[in-house]
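Peer 1: First, the structure itself, so that you have it in front of you.
Read-outs: derived from the displayed coordinates by stated rules, not from any lab. Remember, it's a predicted structure, so these values are computed and weren't measured experimentally. Every residue, glycine among them, receives a Cβ derived from its backbone with ideal geometry; neighbour counts consider all protein chains shown.
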Amino acid sequence: MAGYVCTVAGGKGGVGKTTTAINIAAALEENGYDTVVVDADLGMANLGNMLGLEYETSIHEVLASEETVSAALTDAQMGMTVVPGEQSLEAFAEADPAKLRKVINTLKNTFDVVLVDTGAGLSHETTVPLGLADGVLLVTTPDDVAVNDTIKTADLTERVDGEVIGAIITRVNRDTYVQEIADEFDVPLLGVIPDDIDATKEEPLLENAPDSDPADAYRQLAGSLEQVFFEGATAADLERVFDSQWFLDDEDEDEEEEDGGVFGGIFG
C-alpha cells in the first residue's frame, strides 16, 4: 500500500510551515510511522539548515536529473528522513518543479508518510505540490496578511483539484481571537499551536523541548493526522488541537472562563 502524501502549505513565508513539517514527522516517527520530509521550497530551501544537517545530494539535483532520489535521502533526528534542498540561484534555475511528482511517487512507495514542505507565494513551484498530494495541511499565523494568503492557497488547491485537510494557526497566545480567524476560513480549523519562543529555538522541538506546550500540540496534531492518513477520517471526525493550560495561568483561569475566553465558540 502506498504511503500518504501530505503537503504543508500557506501563502506567506515565516508562518511555521517547515517547523510544522519537521515536528509532525518527528511525532509520526515516535508513533512508529516511517516518514520523509521533502524540501519543495525550491527558491528558499531551509529544511536541512534548520535541522543542522550535512548532506551531499539535494532535491534540486534530483529535479535537474543529475541525481536519483535515493541519493538525496538524508537521515535526520528522531529517525526521520529528509530530502534537503540548496539555496543557490544556480540550483534553483536548473531544478524542474514538474519532476516533483515523479519524486513523490517514488517516495510514497517506500515511506508510510511523505510530507512536502512548500515555499511562500503562489507560483508554479508552490502550486505543483498542492495538486499531487493526497491532502494539504494549511498553516497560518494570526496576522491578517498570513490569513488572507492562506485563504488564497486554499482556493488555489481547489483549482488544481487538490484536497485541503484543514488549517492550523501557529504562534497563538491568550490574546488571539481564534474564532474571528476561523470565521474567515472556508476550510476546517484543526487547532492551534501555542507561541513559545524559547521552545522553538532549535529543531525539532520534540527533541529539544519535548515537554513544551508546542511539542504537546504537535503530538496532538500528528495523532489527528494519523486518523486522516490511515483511517480515512475527515476534519469533522477529529478533536481540535487545543489545551487551555497552554494559555491560562492558575491565578487567572477563572477570569478567562467568565468572559468566554479567546477560544469560546470553538473549543468550548
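Peer 1: Please get the size of the charge dipole for the chain, origin at its Cα centre, with Cβ charges of +1 on Lys and Arg and -1 on Asp and Glu, quoted in debye to the nearest 20.
Peer 2: Dipole of the chain, to the nearest 20 debye: 1580 debye.
Peer 1: Quick one: 4, 218, 55, 177, fewest Cβ neighbours within 10 Å first, how do they rank?
Peer 2: Least to most surrounded, the residues fall as 177, 55, 4, 218.
Peer 1: So, with +1 on the Cβ of K and R and -1 on the Cβ of D and E, and no other charges, what is the size of the charge dipole of region 1-107 about its Cα centre, to the nearest 20 debye? Intermediate values should be presented prior to the final figure.
Peer 2: Details: 5 positive and 15 negative charges, 112 e Å.
Computed about the Cα centre, the dipole is about 540 debye.
Peer 1: Grab the chain and count how many Lys pairs have their alpha-carbon atoms under 16 Å apart, sequence gap of 8 or more, or different chains.
Peer 2: 4
Peer 1: Taking the chain as the reference, fit the longest principal axis to its C-alpha atoms, fit the long axis of helix 144-159 to the helix C-alpha atoms, and give the angle between the two in degrees, 0 to 90, nearest 10.
Peer 2: 50 degrees
Peer 1: Continuing with the same structure: What is the gain in length, in nm to one decimal, between residue 243 and residue 227 on full extension, counting 0.36 nm per residue of separation less the C-alpha to C-alpha distance?
Peer 2: The span from residue 243 to residue 227 would gain 3.8 nm if fully extended.
Peer 1: Right, something else. Residue 161 to residue 31: FRET efficiency via 1/(1 + (r/R0)^6), r the Cβ-Cβ distance, R0 35 Å, to the nearest 0.05? The partial results should precede the final answer.
Peer 2: Details: r = 30 Å, r/R0 = 0.86.
For residue 161 and residue 31, the calculated efficiency is 0.70.
Peer 1: For the chain, calculate the relative contact order in percent as a whole number, restricting contacts to Cα pairs under 8 Å that are 6 or more residues apart.
Peer 2: Averaging sequence separation for qualifying contacts and normalising by length gives 23 percent for the chain.
Peer 1: Arranged from highest to lowest average of other beta-carbon atoms within 10 Å per residue, in what order do the peptides 192-198, 12-18 appear?
Peer 2: Top to bottom by mean Cβ count within 10 Å: 12-18, 192-198.
Peer 1: Sort 47, 89 so that the residue with the fewest other Cβ atoms within 10 Å of its own Cβ comes first and the one with the most comes last. Walk me through the intermediate numbers first.
Peer 2: On the way: 47 24, 89 9.
Lowest to highest Cβ neighbour count: 89, 47.
Peer 1: Per residue of the chain, what 222 nm ellipticity follows from adding -39500 (n - 2.57) for every DSSP H run with n ≥ 4, rounded to the nearest 500?
Peer 2: -10500 deg cm²/dmol
Peer 1: So for the pair residue 152, residue 234, with labels modelled 7 Å out along Cα→Cβ, what separation do we get in nm?
Peer 2: For residue 152 paired with residue 234, the spin-label model returns 2.9 nm.
Peer 1: In degrees from 0 to 90, rounded to the nearest 10, what is the angle of the helix 17-30 Cα long axis to the longest principal axis of the chain?
Peer 2: 90 degrees
Peer 1: Got a sec? How would 185, 247 order by Cβ neighbour count within 10 Å, fewest to most?
Peer 2: 185, 247
Peer 1: Now, a different point. Which is farthest toward the positive dipole end of the chain among 1, 236, 28, measuring Cα position about the Cα centre, with Cβ charges +1 (Lys, Arg) and -1 (Asp, Glu)?
Peer 2: Farthest along the dipole direction, towards plus: 1.
Peer 1: In nm, to one decimal, how far is the residue 99 label point from the residue 64 one, both placed 7 Å along Cα→Cβ?
Peer 2: If labels sit at residue 99 and residue 64, their model points lie 1.0 nm apart.
Peer 1: Additional query: Give the shape of region 1-122 as rounded, prolate or oblate, defined through the alpha-carbon gyration tensor: a ≥ b ≥ c are the square roots of its eigenvalues, a/c under 1.5 means rounded, and otherwise the shape is prolate if a/b is larger than b/c and oblate if not.
Peer 2: rounded
Peer 1: Further, regarding this structure: What is the angle, in °, between the Cα long axis of helix 213-231 and the longest principal axis of the Cα atoms in the chain? Nearest 10 is fine, range 0 to 90.
Peer 2: Between the helix axis and the principal axis of the chain, the angle is about 60 degrees.
Peer 1: So which GluC sites (Glu not before Pro) in region 1-71 pass both tests, a DSSP loop state and at most 13 other Cβ atoms within 10 Å of the Cβ? Walk me through the numbers on the way to the answer.
Peer 2: On the way: sites: 29, 30, 54, 56, 61, 66, 67; in loops: 54, 56, 66, 67.
Answer by residue number: 54, 56.
Peer 1: Going by the alpha-carbon gyration tensor, a ≥ b ≥ c the square roots of its eigenvalues, is region 63-215 rounded (a/c under 1.5) or, if a/c is not under 1.5, prolate (a/b greater than b/c) versus oblate?
Peer 2: oblate
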